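Read the structure below first, then the notes.
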Amino acid sequence: MAKILCVDDDPAVIVLKTAILEQAGHTVRSCSTADDAIRLLEEERFDAVVTDWRLGDGRGRTIVEAAKSRFSVPVVVVSGYVGEAFQAAEPLADLYLEKPADPRELVQVVDALLRTRRDSASLGI
């Protein structure tokens, strides 16, 4: 299906999100810092990003900004700080889910964003 970058500073959450997305048929690369996420975005092509907002290095916004502005990749923020993330300056993520996110909802949201992106590309938008 799609290649997704999953970013969270909690190893247990990374394992859980990766398993959920892989079970849905996606290929997942994961990392735990904003710096690693930016490096991976520069080195590889991703179809979507699922990220936490508050990371150990405190820079979830950097990931959203890079994914949206530089790489035009859809972004889902899954965080316990959704209100804070939503109030941040542009660019905004495509969607925000409160932790703990329902696994079915996460997959549905990611799949819908991927479909929208694919449809837009096929229409030349």
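The values are calculated or read from the model by the stated rules, or taken from the named source; none is laboratory data. In this text, all values refer to a predicted model and were calculated from it rather than measured experimentally. The protein model used for the area step is the full one, side chains on, heavy atoms only, and it has no ligands, DNA or RNA in it. Shrake-Rupley method; radii C 1.70, N 1.55, O 1.52, S 1.80 Å.
Where (i) 0.95; (ii) 1.11; (iii) 1.03 are the candidate values, the label of the one calculated here for Cα Rg over 2.2 N^0.38 Å is (i). When nucleic acids and ligands are ignored and a 1.4 Å probe is applied, residue 35 ends up with an accessible area of around 90 Å².
Take the chain with all the other protein chains still there, run a 1.4 Å probe, and you get 52 Å² of accessible area per residue. Legend: helices of the chain (whole DSSP H runs) are marked when their alpha-carbon atoms reach 20 angstrom or more along the helix axis and their mean Kyte-Doolittle hydropathy is at least -1.0; marked are 103-122.
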